[in-house]
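Asks: Here it is, the structure, as C-alpha cells.
Nothing in this text is a laboratory measurement; each read-out follows from the coordinates by a stated rule. Here the structure is a predicted model, which is why all the values come from computation and not from measurement. We place every Cβ from the backbone using ideal geometry, glycine too, and count neighbours over all the protein chains shown.
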Amino acid sequence: MTTPYPSTKTAIITGAGSPRGIGQDLARRLGGKGWNLGLIDRDIAGATDLAETLSREHGIQAVAVETDISDAAAVDRAGTIFEQKLPPVLAVVNIAGISDPTSFMDTDVVRWERVLKINATGTFLVTKRFVTGMVERQVGRIVSLSSTAAQSGGGTFSTAAYAASKAAIEGMTRGLALEIAKTGVTANAIAPAIIDTDIMGGTITEDRLDYFTSRLPVGRLGRVDEVSALIEFLIGPDAGYITGATLNINGGARIG
C-alpha cells in the first residue's frame, strides 16, 4: 500500500538561480501554492534571494544551497542540509543544465564529457540522492528536463553532445520508473522546444527571434510559465498514474 499524497510538500529544484529560467518561475509558482523549497544552483546569490523572498512572501520554508550537480559530494551535502532544514522531500525537479552549439565534428572529449557530466550525470546524482527517501516513504514525484533535441538529434542551437545528454536523461527516467513503479514514486521527463530563457546562447533578442520562431509551427516562443504549469501537474496528486513518460511541450516542433 502506497502512502497518500501528503499535505505538507517539499520540492527540490535544480537550476533555480536564473531570473529568466524555468527553475525560478517554478519556484515562484510552487511557493505561492504552499510548497517548501530546496533550491540548488551554482548562482547562489540568485537562489538565495529567491529563497528569502518566497519565505517572506508566502510563509514557507525555502533554503538555497550552492551546488555543482556534477559533484557527488556536493549533491550529498546539499541533500543533508535540506533534510535537516525542510520537511520530507516529495518532489525532485531536475532543471539545471548547459547547452552547447558545437558540431559533432568539432566536439572533443573534454567538451563532450562536460556536457554529459552536467546534464546527464547531474540529473542522476540529484535523483539518486533523494529517491531512496521517497521510496521509503512510499510517495514521491521526479521530473527531469529533457529536450526536443533528444528526439531530433539536435535543436536550433545545441547539437550532438546536448542531444545525447538529454536522450540519456530520458532513458534513465524510463528505467527508474519501471524499477520503482510499485512504490508510489513516479519518474517522468518533459521535452521542451524553444523556451524564452537564456540557455540559447543568451536572451533571444529581436534580431534572432525570426530564426527561432520560423522553426515553431505555433509561430512563437514557449514561455517559462507554460513549462512550470506542466511540471506542477506532474508533481501533483493527480499525476500518480503517469510514470516513465516523456511529455512534449514544443509548439508543434516535433509531433508524434
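Asks: When only C-alpha pairs under 8 Å and at least 6 residues apart count, what is the relative contact order of the chain, in percent?
Replies: 19
Asks: Please name whichever of I169, Y5, G153 sits farthest to the positive end of the charge dipole of the chain, dipole taken about the Cα centre and charges placed at Cβ: Lys and Arg +1, Asp and Glu -1.
Replies: Of the options given, the answer is Y5.
Asks: Among the aspartates and glutamates, select those whose C-alpha is under 14 Å from the C-alpha of K166, and discard any that sit fewer than 8 residues away in the same chain.
Replies: By straight Cα distance, K166 reaches D100, E113.
Asks: Expressed in nm to one decimal, what extension gain is obtained for the pair D238 and A72 from 0.36 nm per residue of sequence separation less their Cα-Cα distance?
Replies: Between D238 and A72, full extension yields 56.5 nm more.
Asks: Okay, next question. Relative to the longest principal Cα axis of the chain, at what angle does helix 122-137 sit, 0 to 90 degrees, rounded to 10?
Replies: Around 30 degrees separate the two axes.
Asks: Pulled fully out, how much extra length does the chain show between R56 and M105, if you take 0.36 nm times their separation in residues and subtract their Cα-Cα distance?
Replies: Roughly 12.7 nm would be gained on extension.
Asks: How do the peptides 45-51, 105-111, 187-193 rank, highest first, by the average count of neighbouring beta carbon atoms within 10 Å per residue?
Replies: 187-193, 45-51, 105-111
Asks: Compute the FRET efficiency between S152 and E113 as 1/(1 + (r/R0)^6), taking r as their Cβ-Cβ distance and R0 = 22 Å, and round to the nearest 0.05.
Replies: So the FRET efficiency works out to roughly 0.45.
Asks: Name the residue from Q61, N188, N94 whose Cα lies farthest towards the positive end of the charge dipole of the range 10-248, charges +1 on Cβ of Lys and Arg and -1 on Cβ of Asp and Glu.
Replies: N188
Asks: Further question on the same structure: Report the label-to-label distance for R42 and R29 in nanometres (one decimal), using points 7 Å from each Cα along the Cα→Cβ vector.
Replies: The two pseudo-label positions are separated by 2.6 nm.
Asks: Counting each DSSP H run of 4 or more residues in the chain as -39500 (n - 2.57), what helix-only mean residue ellipticity at 222 nm follows after dividing by all residues, to the nearest 500 deg cm²/dmol?
Replies: -13000 deg cm²/dmol
Asks: Now for a separate question. Which of the aspartates and glutamates could a cross-linker bridge to K9, judged by Cα under 20 Å and excluding same-chain residues fewer than eight apart?
Replies: Within reach: D25, E52, E57, E83, E136, E232, D238.
Asks: Can you work out D for the range 10-248 in µm² s⁻¹ from Stokes-Einstein, where Rh is the Kirkwood radius over C-alpha pairs, the temperature is 4 °C and the viscosity is 1.567 mPa s?
Replies: Diffusion coefficient, whole number: 73 µm²/s.
Asks: For the range 71-166, taking Cα atoms only, what is the radius of gyration to one decimal and the Dmax to the nearest whole Å?
Replies: Looking at the range 71-166, its Cα Rg and Dmax stand at 15.5, 47 Å.
Asks: Further question on the same structure: Ranked highest first by the average count of other Cβ atoms within 10 Å around their residues, in what order do 224-237, 122-135 fall?
Replies: In descending order of packing, they fall as 122-135, 224-237.
Asks: Ok, one more. Using a simple charge model, +1 on the beta-carbon of Lys and Arg, -1 on the beta-carbon of Asp and Glu, nothing else, what dipole does the range 10-248 show about its Cα centre, in debye to the nearest 20?
Replies: 580
Asks: Let me ask something additional. Report the label-to-label distance for E226 and D49 in nanometres (one decimal), using points 7 Å from each Cα along the Cα→Cβ vector.
Replies: Rounded to a tenth, the inter-label distance reads 2.7 nm.
Asks: A further question on this structure: What FRET efficiency do you get for S7 and L178 if R0 is 30 Å and r is their Cβ-Cβ distance, rounded to the nearest 0.05?
Replies: For S7 and L178, the calculated efficiency is 0.55.
Asks: For the range 76-85, in order, what is each residue's ³J(HN,Hα) by Karplus, 6.51 cos²θ - 1.76 cosθ + 1.60 with θ = phi - 60°, in whole Hz (x at glycine and Pro)?
Replies: Result, ordered by residue: 5, 4, 4, x, 5, 4, 5, 5, 7, 10 Hz.
Asks: Follow-up. At a 10 Å Cβ-Cβ cut-off, how would you order K33, K166, fewest neighbours first?
Replies: Neighbour counts put them in this order, fewest first: K33, K166.
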